[in-house]
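The values are calculated or read from the model by the stated rules, or taken from the named source; none is laboratory data. Note that the coordinates shown come from a computational prediction; the quantities given were computed from them, not determined experimentally. When we count neighbours, we look across all protein chains shown, and the Cβ atoms used for this are built from the backbone with ideal geometry, even at glycine.
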């Protein structure tokens, strides 16, 4: 049985929990591994922890901060009696602040020490500016559940595709007389979803697969046939031809999947209408649109997520996992290719459709996004080049572009994107060189390759088929499991009141290098600095930059 999930949506507001008389609170010190193991081994989480295992699973991991691991100790003897750890875990599409490994020795039971160390973890995250903390636990841990509830944690109704309402009802029945039932975090009910653009949008809505946290309530498209197909797929939904009517409907969240060059305007309109937004890539097409989108998200009541599904393909999930575990070390250099022959969607007669002129580098988010996330990095400079328009059966746009991205850490990333190329099937490939190891997806199969010089396989990589490490069966459907994961993470974050899995700032970091890399490629390949749109001064410098690709001239720009 999967665990229950809880969320604290304001860790700074947790009630005080000072140590009782005779107890002192302290953080981890060098050599504390055995003391931590002595506590955890007395609980049903442990049993076999020793110094080596503690280092392997906790204190030598890149996510570990000694200032975030707390002990409640006997003031007279110094003996650690209870512990809790601030951690980062992958939850609903991103790494989230987590209350981790809470335990106490049997002799400390009933003294309230669990509350003391848990409150210390909440303080730690609050001081760091974190606005949410999550945890997972089990139904039978009633004393721990009561502690979490008293500190302000709320039950998360939806977790990993399941509705836990009945399980939480049973928990509160078992706690009757000790603590009152708490409301679910966030909405705590299904979210009404509208879809704008019923080609790709209907596909994404279908990937919800009946998820209990989402209800497809409306669809919008000016194409009569697509609206008809949508109603046949979602019989309870209403449909509209005009976007304004969708925004005026009871739909609480909108999937923006209209024509690619128009995503930003549609997303801004939905945010300003009070809706939550899931926007297809790319997020925006000019720096000015990026500034407007960021500021719309900042003032919005709802949340924004960019639908970069490639982050959640099984191979990319494995890259993120290996990086988070410390297997790869800091990013040194990476390469990524998105090669997708889209000529079947183009018109050589030149109808003016965006597919005919769209610069391939603007689709850089597919390989660049997973690399930046795995490296916890952001772009600061880009230089681009392109291969012109030489392929047959295209609409005259650039066939392929390549760019080199400099990152804040000093790492380099080379990205290539092609929309007219002799290659089947389409390929999303990344190679990640870290200071401790290397990771590469396979160009032709669904396997990945991991190389660690210090392992027993130091003569070559270990090759295997990744699963995504989320309990799902291996699949090549839905972009190797990416689409159903994307939709699950989005709708559960909405329903449980959690922050966006891919927020507007990360979306900008993934998107801007393609826009500016293309600009570099058509203006002599000069390097261009990439702004950080989190910074208001940086936004001011770019808010009037409306330069965009010229549909009539693939290597030109217009304002």
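Take the conditions in contact with a strand residue (DSSP E or B) (Cβ under 8 Å, 6 or more places away or on another chain), surrounded by fewer than 19 Cβ atoms within 10 Å (Cβ to Cβ) and either part of a helix (DSSP H, G or I) or outside the structural domain of residue 326 (by TED's automatic domain parsing) (or both) and apply them to residue 96. Does it pass?
Against the criterion (in contact with a strand residue (DSSP E or B) (Cβ under 8 Å, 6 or more places away or on another chain), surrounded by fewer than 19 Cβ atoms within 10 Å (Cβ to Cβ) and either part of a helix (DSSP H, G or I) or outside the structural domain of residue 326 (by TED's automatic domain parsing) (or both)), residue 96 does not qualify.
For the range 400-517, list the strands (runs of 3 or more DSSP E) that sit wholly inside it and hold at least 3 residues that are on the phi < 0 side of the Ramachandran plot, in contact with a strand residue (DSSP E or B) (Cβ under 9 Å, 6 or more places away or on another chain) and buried (at least 24 other Cβ atoms within 10 Å of the Cβ); which are they?
So the answer is 400-407, 412-418.
Got at least one residue in the range 365-386 being surrounded by fewer than 17 Cβ atoms within 10 Å (Cβ to Cβ) and closer than 18 Å to residue 440 by Cα?
Yes, the range 365-386 contains a residue that is surrounded by fewer than 17 Cβ atoms within 10 Å (Cβ to Cβ) and closer than 18 Å to residue 440 by Cα.
When the range 39-59 is examined, which residues are found to be surrounded by 16 or more Cβ atoms within 10 Å (Cβ to Cβ) and assigned to a helix (DSSP H, G or I)?
Within the range 39-59, 39, 40, 54, 58, 59 qualify.
I'd like the full set of residues that are assigned to a helix (DSSP H, G or I), within 20 Å of residue 4 (Cβ to Cβ) and without any contact (Cβ under 8 Å) to a residue 60 or more places away in the chain, limited to the range 116-144.
121, 142, 143, 144
From the list 479, 518, exactly one residue is more than 29 Å from residue 184 (Cα to Cα) and under 18 Å from the mean Cα position of the chain (by Cα). Which is it?
Exactly one of 479, 518 is more than 29 Å from residue 184 (Cα to Cα) and under 18 Å from the mean Cα position of the chain (by Cα), namely 479.
For the subset of the range 60-77 comprising residues that are buried (at least 18 other Cβ atoms within 10 Å of the Cβ) and within 19 Å of residue 99 (Cβ to Cβ), which member is farthest from the chain's Cα centre (by Cα)?
The residue in question is 72.
Residues in the range 291-310: is at least one buried (at least 23 other Cβ atoms within 10 Å of the Cβ), over 20 Å from the mean Cα position of the chain (by Cα) and either assigned to a loop (DSSP other than H, G, I, E, B) or in contact (Cβ under 8 Å) with a residue 60 or more places away in the chain (or both)?
Yes; the residues of the range 291-310 include at least one that is buried (at least 23 other Cβ atoms within 10 Å of the Cβ), over 20 Å from the mean Cα position of the chain (by Cα) and either assigned to a loop (DSSP other than H, G, I, E, B) or in contact (Cβ under 8 Å) with a residue 60 or more places away in the chain (or both).
Taking the condition at pLDDT below 95 and in contact with a strand residue (DSSP E or B) (Cβ under 6 Å, 6 or more places away or on another chain), does residue 63 pass?
So residue 63 fits the description; yes.
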